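Engineer: After the structure tokens below, expect a handful of questions from me.
Nothing in this text is a laboratory measurement; each read-out follows from the coordinates by a stated rule. Bear in mind that the values here come from a model prediction, so they are computed numbers and not experimental data. Cβ placement follows ideal geometry from the backbone for every residue including glycine, while neighbour counts extend to all protein chains displayed.
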Amino acid sequence: MTTKDMFSKNRISFDLKASNKDEVIKELIQLLYDDGKIIDKEKFREAVLKREEEFSTGIGMGIAIPHGKSNAVKEASIAFGRSNKGIDYESMDDKPANLFFLIAVPEESSDVHLKALSEISRKLMHTEIREKLFKVQSFEEFIKIFE
């Protein structure tokens, strides 16, 4: 499975309502749940928060890539959300995050999430890619960035 295959128009929000880190995680988990990719929101949330305790997945440059491995996940998938106002995500650069990629993988999956994490991080190092993500308004525009 490629990283691009882990995205879906059903798991994207171009206007997150969240105003803090916990709300962002809940909002993105809801997208995964509504699309049938996770079976237990709270169990998966615990896995994501446990990972956040190690250190924040707010990598800077307006980006956060929270992720979790849990048997509450039915299929490896990614939810994407954009906050136009920015959210304090305890990022490495102490700046608000606007672009959120929540990676969900089943407990028994090997390194699927590491591959996705690496690919997303590499793409987002480029200023023009981040700028495109701030402007996209459709899934079709969004997914072209990952082709």
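Engineer: Arrange the peptides 90-96, 2-8 so that the one whose residues have, on average, the most other Cβ atoms within 10 Å appears first.
Structural biologist: In descending order of packing, they fall as 2-8, 90-96.
Engineer: In region 43-143, which chymotrypsin sites (Phe, Trp or Tyr not before Pro) fall in coil by DSSP and have 15 or fewer other Cβ atoms within 10 Å?
Structural biologist: Numbers: sites: 44, 55, 80, 89, 100, 101, 134, 139, 142; in loops: 55, 89.
For chymotrypsin sites (Phe, Trp or Tyr not before Pro) across region 43-143 that sit outside H, G, I, E and B with at most 15 neighbouring Cβ atoms in 10 Å, the list reads 55.
Engineer: What number, in percent, do you get for the relative contact order of region 1-94 if the mean sequence gap of Cα pairs under 8 Å and at least 6 apart is divided by its residue count? Please list the in-between numbers first.
Structural biologist: Working: 134 pairs, mean separation 38.0, N = 94.
The normalised contact order for region 1-94 reaches 40 percent.
Engineer: Stokes-Einstein at 10 °C, 1.306 mPa s, Kirkwood radius from Cα pairs: D for the chain in µm² s⁻¹? Please report the intermediate quantities before stating the final value.
Structural biologist: Values: Rh = 14.9 Å.
This corresponds to a translational diffusion coefficient of 107 µm²/s.
Engineer: Now a separate question. Just to be sure I understand: if I project the alpha-carbon convex hull of region 1-56 onto a plane and average over all orientations, what area do I get in nm²? Display every interim value, and only then the final one.
Structural biologist: Numbers: hull surface 18.6 nm².
If you wrap the Cα atoms of region 1-56 in a convex hull and average its projections, you get 4.6 nm².
Engineer: Nearest 5 is fine: what % of DSSP beta bridges in the chain come out antiparallel, could you say? Numbers along the way, then the final one.
Structural biologist: Numbers: 10 of 18 bridges.
The antiparallel fraction comes to roughly 55 percent.
Engineer: Which order do 99, 28 fall in if you start with the one that has the fewest other Cβ atoms within 10 Å?
Structural biologist: On the way: 99 21, 28 28.
Going from least to most buried by this count: 99, 28.
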